[in-house]
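Please treat every number below as a calculation from the coordinates, not as lab data. The structure presented is a predicted model; accordingly, all values stated were derived computationally and were not measured. Note that each Cβ is placed from the backbone with ideal geometry, even for glycine, and that neighbours are counted across all protein chains shown.
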Amino acid sequence: MIHRTPSNAERFSVKCRLIIFHNSNVNASTALAMPEEEINYEFFLSNGVKAVNFIAADVSPLQLKQRGFDSASKMRNFGFDALHLVNASFCNKMLLAYGRDDVINCFLNSPQDAVGLAGSPAVTLLKVSTTELLQCCIGFPSHAFAVVRQLPPGCSLKGVSASLLLDVGLRLTTLALVGYTIEAIIEDTGATPMELQKLGFAKTF
């Protein structure tokens, strides 16, 4: 893949180069002497550069995109994960560089991702729904509870299906701990009498 030579405004400073290649396979002399057009995604990947280097050097996702990081998945290849999106500034830069769908598709895939993002500014910036968070927690009730516990109590299940609550393992006892009443669950999820019983409500409707 051919990458364009960055403009003067996009060039890495001497200090930036040293930080980027710190503890990598590239020594300081090589890092300082390399032509700008050769400092790109493939070179970073093959020489052991990590996310922490880019963060320490204050290199933005947009700058990395100009050097061959043309998808959010390529950011993950260097160790960036959902917890980095908790930083509102970094999350916003990722959004500007890759768009909401690409970031969500690459950074919201596991129960751990959902727990990390829940309650953070990333939920608002990326317009992440409770349904999207919980879909990552199917079969992981403790993670699902950790997600719901970080959201505004008693009012964050709007639009979430009762079947999804069942799939993630949330039940009456856990929902009550975060402020949900039977009335709120019926209103927010549209739960049927059978679903309410499966959730643990003893009354027959």
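In the chain, the DSSP-assigned H stretches of four residues or longer account for a calculated mean residue ellipticity at 222 nm of -13000 deg cm²/dmol, using -39500 (n - 2.57) per stretch and the full residue count as denominator.
3J(HN,Hα) along segment 69-86, derived from phi through the Karplus expression 6.51 cos²θ - 1.76 cosθ + 1.60 where θ = phi - 60°, amounts to 7, 8, 8, 5, 4, 6, 5, 5, 4, 9, x, 5, 9, 4, 5, 5, 6, 4 Hz, with x in place of Gly and Pro. Under the convention that each Lys and Arg Cβ holds +1 and each Asp and Glu Cβ holds -1, the size of the dipole of segment 75-205 around its Cα centre is about 160 debye.
Considering every alpha-carbon pair of the chain, the percent of pairs per 10 Å bin, from zero through the bin containing the longest distance, is 8, 30, 24, 16, 12, 7, 2, 0. Protection proxy ranking for 85-98, 107-120, using the average of other Cβ atoms within 10 Å per residue and placing the highest first: 107-120, 85-98. Can you give the Kirkwood hydrodynamic radius of segment 1-69 from its Cα pairs, in Å with one decimal? It is 11.9 Å. Cross-link check: pairs Lys50/Lys127; Lys93/Lys127; Lys93/Lys158 evaluated at a Cα-Cα cut-off of 19 Å; pairs beyond the cut-off: Lys50/Lys127; Lys93/Lys158.
Dividing the convex hull volume of the alpha carbon atoms of segment 81-128 by its residue count gives 57 Å³ per residue.
For segment 130-205, with equal point scatterers placed on the C-alpha atoms only and solvent neglected, what are the log10 I(q)/I(0) values from the Debye formula at q = 0.11, 0.13, 0.17 1/Å, to two decimals? The calculated log intensity ratios at q = 0.11, 0.13, 0.17 Å⁻¹ are -0.21, -0.30, -0.53.
The angle between the Cα long axis of helix 88-98 and the main principal axis of the chain comes to about 70°, on a 0 to 90 degree scale.
Projecting the Cα positions of Phe140, Gly169, Ala88 onto the charge dipole of the chain (unit charges on Cβ atoms of Lys, Arg, Asp and Glu, taken about the Cα centre) puts Ala88 furthest along the positive direction. Our Cα-only numbers for segment 22-109 put the radius of gyration and Dmax at 13.1, 40 Å.
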